[in-house]
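*Asks:* Just passing along the structure, written as structure tokens.
The values are calculated or read from the model by the stated rules, or taken from the named source; none is laboratory data. On a predicted model such as this, the values are computed, not experimentally measured, just so you know. Cβ atoms come from the backbone with ideal geometry, glycine included; neighbour counts cover every protein chain shown.
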């Protein structure tokens, strides 16, 4: 009796297995025959997942880390043809960008681009001056000063691409004017606490 019950269970389970398999095959064939429904467009990333630029350096650090070194490469190119600068003993660790693995005129091009890109960093909200004051990005003249630096970078880049020292001299003058316009108003203060004011 027990063996016949086991046999019946096997038949029932086998039959149920066939039904499940047949149902799966029918569902699968219907899915293949029906046109696919268009998917909803992907949602745009929300602000919680979008990277927000973060300010890491104060104005003094930004100047010393990016704009000052880039400017010095451009000033050096006025007096010495970058094409004549010999590579350093180990160009991959050269402290002189003109003698580095990316030296000569390419270093001047890169310095020009650093000025133009650095101009973008000057207008990021949240940056402080070295004295703790907010960078005056809301001042009416600030965008003009920033654009002056961006334009100077573009002019230097064009001269560097042409490998023209005369062009570099002219572009460096434009760069000096752009820097002075901002420095005269916001940096050159008797009392350091008054910078960015």
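*Asks:* Check 74, 137 and return the single one that is in contact with a helix residue (DSSP H, G or I) (Cβ under 7 Å, 6 or more places away or on another chain), modelled with pLDDT of 95 or more and closer than 30 Å to residue 194 by Cβ.
*Replies:* Exactly one of 74, 137 is in contact with a helix residue (DSSP H, G or I) (Cβ under 7 Å, 6 or more places away or on another chain), modelled with pLDDT of 95 or more and closer than 30 Å to residue 194 by Cβ, namely 74.
*Asks:* Restricting attention to segment 108-115, does a residue exist that is under 25 Å from the mean Cα position of the chain (by Cα) and more than 22 Å from residue 169 (Cα to Cα)?
*Replies:* No, because not a single residue in segment 108-115 is under 25 Å from the mean Cα position of the chain (by Cα) and more than 22 Å from residue 169 (Cα to Cα).
*Asks:* Condition first: in contact with a helix residue (DSSP H, G or I) (Cβ under 7 Å, 6 or more places away or on another chain) and farther than 17 Å from residue 74 by Cα. Now tell me which residues in segment 102-127 satisfy that. Before you say what the answer is, go through the steps one by one.
*Replies:* Step one: of segment 102-127, the residues in contact with a helix residue (DSSP H, G or I) (Cβ under 7 Å, 6 or more places away or on another chain) are 102-105, 107-109, 111-116, 118-119, 121-123, 127.
Passing the criteria: 121, 122, 123, 127.
*Asks:* If you take the residues in segment 123-151 that are touching a strand residue (DSSP E or B) at 6+ places or on another chain (Cβ under 9 Å) and surrounded by 13 or more Cβ atoms within 10 Å (Cβ to Cβ), which one is nearest to residue 181 (Cα to Cα)?
*Replies:* Among those residues, the one meeting the criterion is 135.
*Asks:* Can you confirm whether segment 165-177 contains a residue that is touching a helix residue (DSSP H, G or I) at 6+ places or on another chain (Cβ under 6 Å), under 30 Å from residue 132 (Cβ atoms), at pLDDT 95 or above and surrounded by fewer than 16 Cβ atoms within 10 Å (Cβ to Cβ)? Steps first, please.
*Replies:* Residues of segment 165-177 that are touching a helix residue (DSSP H, G or I) at 6+ places or on another chain (Cβ under 6 Å), as a first pass: 167-169, 171-172, 174-175.
Pick out the ones that are also under 30 Å from residue 132 (Cβ atoms) and you get 175.
Within this subset, residues satisfying the condition of being at pLDDT 95 or above are 175.
Within this subset, residues satisfying the condition of being surrounded by fewer than 16 Cβ atoms within 10 Å (Cβ to Cβ) are none.
Taking every residue of segment 165-177 in turn, none turns out to be touching a helix residue (DSSP H, G or I) at 6+ places or on another chain (Cβ under 6 Å), under 30 Å from residue 132 (Cβ atoms), at pLDDT 95 or above and surrounded by fewer than 16 Cβ atoms within 10 Å (Cβ to Cβ).
*Asks:* Check residue 185 against each of (1) touching a residue at least 40 places away in the same chain (Cβ under 8 Å); (2) closer than 16 Å to residue 111 by Cα and name the one condition it does not meet.
*Replies:* For residue 185, the failing item is (2).
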